[in-house]
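Presented below is the structure to which this report refers.
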Amino acid sequence: MEAGSRGQEVQVPASAALLGWVAAYGLMVAAASPAAEADSARSGGDTPSLNDVDDAAGADGDLPRRRLVRWNEYEGPFITMRLGGGFLWDFSGYSQDQDSKSQMSLQDKDDLRDFRILLKGRFPKIEGLSYTIGYMYDGGTETWRFRQTGLQYEIPKLHGRVFVGRTKEGISTNKLMVGYQGWTMERATINDALLPILADGIKWMGNSPDGQFAYSVGWFGDHFSEKESFNRSDSQFVGRLVWLPFLKTDPERLLHLAVAYRHANADDGFLQLRSKPESFEAQSYAVDTGKFAAQGSDIVGLEAYYRPGSWTFGMEYMLDQVSSHEAGDPFFHGGEIFAAYILTGETRPYNTKGAYFERISPAATVFGGGRGAWEAVLRFSYTDMDSKAIDGGRFWRITPMLNWHMSDNVRLEFVYGYGVLDRFDTRGETHFFQTRIQLQL
């Protein structure tokens, strides 16, 4: 197969081809499933399309509809506990033209992406108080790190709750959702370039009495996270407002509209914004501003999601005005737009309290004799990190992919991507072949 004007030969890695055959076989099994099971899948089983449970674990605490085991749960008079976990194994293969090779050095690789242990629960004697502890092995740095960890206290009279500890800042639905739940294998390039995965501080989250509005405000600092890889700011203030206009009149036809704002003071007087080409295994960054002197930045995020039944359409766009006298106050921007369709008829659940989407639960699991849930996704992402004195690059990528949710606990992902990077006065083209095995407890 030829690609581009340079006659680049696209070499499909053997591992990707093998998993592609697995995907094709699974689709044939799905197509051959009995009609009765198809009707059950279309009904979505007993999975509610809306959820209003939100504890200290946030999106990390999204529980499977089917209880795989019971030994990991404890209900005591003073404390409750649930032990959970997650495991990701990724493969990424690349086919680059010569210009792309001059920009990024990419080698095929498979490796452990993520392994985490989660402990969450409540204190029955103190109504409204919950806790969470997340501990993760980071395959990128080969270290163990605390993730979502802290206490949350709900105040019903104020229609809200306060969290203290390490958590998501609250900007971007895609960032709020734990990586195990998202539509795609990796978040968009601009998302990872501008937004840290976690922060330490205090966050207030609330809802209007009728539930149609959700909001959050938070303040975070780096006193305890100065040495963490996600730290990019000395301190930051973040706010988010979400409107759900159809929640009362037509809840199955969910419309989510949101705006968010983030003001951050640069970490020790410097910023560096960079991101890989939506492939964690990549050995090079696609966009990278380099480290430059800066005073801070102001980010505005815009979101729109529409979920009519088995379809989900979504977009996020971010605008980042950096305060840097030395670099001429550069302006960066980018976003993503996607469409996803669950071929087997399920509906992706949405958490109305936290204003984010949750994991898909198949109507009939593969391990129960069913076909699981199949989700087709098409995403386009764009990032522009070229501005004033900064030449960080411009990158866009289109990504069609399939998700096979075999059960509430097992998911396989099959991904193809085509990306173009404009950087160093060069335009490079790359084909991506990616797969993931995902396990959750």
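The values are calculated or read from the model by the stated rules, or taken from the named source; none is laboratory data. Values in this document were obtained by computation on a predicted structure and should not be read as measured data. All Cβ positions, glycine included, derive from the backbone under ideal geometry; neighbour counts span all protein chains shown.
What the table shows:
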item	result
Conditions (1) part of a strand (DSSP E or B); (2) farther than 30 Å from Gly134 by Cβ: number failed by Gly334	(2)
Flag for Lys276 being over 24 Å from the mean Cα position of the chain (by Cα) and farther than 21 Å from Asn207 by Cα	no
Filter pass, Tyr350 being buried (at least 16 other Cβ atoms within 10 Å of the Cβ), touching a residue at least 40 places away in the same chain (Cβ under 8 Å) and under 16 Å from Val377 (Cβ atoms)	no
Candidates Ser40, Ser33 - the one that is modelled with pLDDT under 95, over 21 Å from Pro349 (Cα atoms) and surrounded by 15 or more Cβ atoms within 10 Å (Cβ to Cβ)	Ser33
Hey, Lys120 surrounded by 13 or more Cβ atoms within 10 Å (Cβ to Cβ), at pLDDT 80 or above and either part of a strand (DSSP E or B) or aromatic (Phe, Trp, Tyr) (or both) or not	yes
Selection status of Ala355, within 30 Å of His325 (Cα to Cα) and of a type in the set (Gly, Ala, Ser)	no
Residues of the stretch 199-233 classified as hydrophobic (A, V, I, L, M, F, W, C) and modelled with pLDDT under 95, total	2
The stretch 198-211: number of residues that are surrounded by fewer than 16 Cβ atoms within 10 Å (Cβ to Cβ), closer than 21 Å to Tyr350 by Cα and not acidic (Asp, Glu)	2
Test set (1) among the β-branched types (Val, Ile, Thr); (2) in contact (Cβ under 8 Å) with a residue 24 or more places away in the chain; (3) surrounded by fewer than 21 Cβ atoms within 10 Å (Cβ to Cβ) - Thr143 fails condition number	(2)
Top-ranked residue in the stretch 286-301 [being part of a loop (DSSP other than H, G, I, E, B) and surrounded by 22 or more Cβ atoms within 10 Å (Cβ to Cβ); ranked as nearest to the chain's Cα centre (by Cα)]	Ala286
Test set (1) over 30 Å from Asp200 (Cα atoms); (2) not in a strand (DSSP E or B) - Gly93 fails condition number	(2)
Options Gln283, Gln321: the member that is farther than 15 Å from Ser172 by Cβ, under 24 Å from the mean Cα position of the chain (by Cα) and in a loop (DSSP other than H, G, I, E, B)	Gln283
Hits in the stretch 55-72 (condition: assigned to a loop (DSSP other than H, G, I, E, B), within 23 Å of the chain's Cα centre (by Cα) and under 15 Å from Gly121 (Cα atoms))	Asp55, Ala56, Ala57, Asp62, Leu63
Residue satisfying condition, being over 30 Å from Gly372 (Cα atoms) and among the hydroxyl-bearing types (Ser, Thr, Tyr), within set Ser100, Ser92	Ser100
Cβ-Cβ under 6 Å pairs, at least 6 apart or on other chains, the stretch 384-406 side hydroxyl-bearing (Ser, Thr, Tyr), far side surrounded by fewer than 18 Cβ atoms within 10 Å (Cβ to Cβ)	Ser387/Phe331
Hits in the stretch 144-201 - residues which are hydrophobic (A, V, I, L, M, F, W, C), more than 15 Å from the chain's Cα centre (by Cα) and more than 17 Å from Gly301 (Cβ to Cβ)	Trp144, Phe146, Leu151, Ile155, Leu158, Val162, Phe163, Val164
Those residues of the stretch 226-255 which are part of a loop (DSSP other than H, G, I, E, B) and within 21 Å of the chain's Cα centre (by Cα), in sequence order	Glu228, Ser229, Phe230, Asn231, Arg232, Leu244
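Yes/no per residue for (1) at pLDDT 95 or above; (2) among the aromatic types (Phe, Trp, Tyr); (3) more than 30 Å from Asn51 (Cβ to Cβ):
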| position | (1), (2), (3) |
| --- | --- |
| Leu255 | yes, no, no |
| Ala260 | yes, no, no |
| Asn265 | yes, no, yes |
| Phe270 | yes, yes, yes |
| Arg274 | yes, no, yes |
| Glu278 | yes, no, no |
| Ala282 | yes, no, yes |
| Tyr285 | yes, yes, yes |
| Ala293 | yes, no, yes |
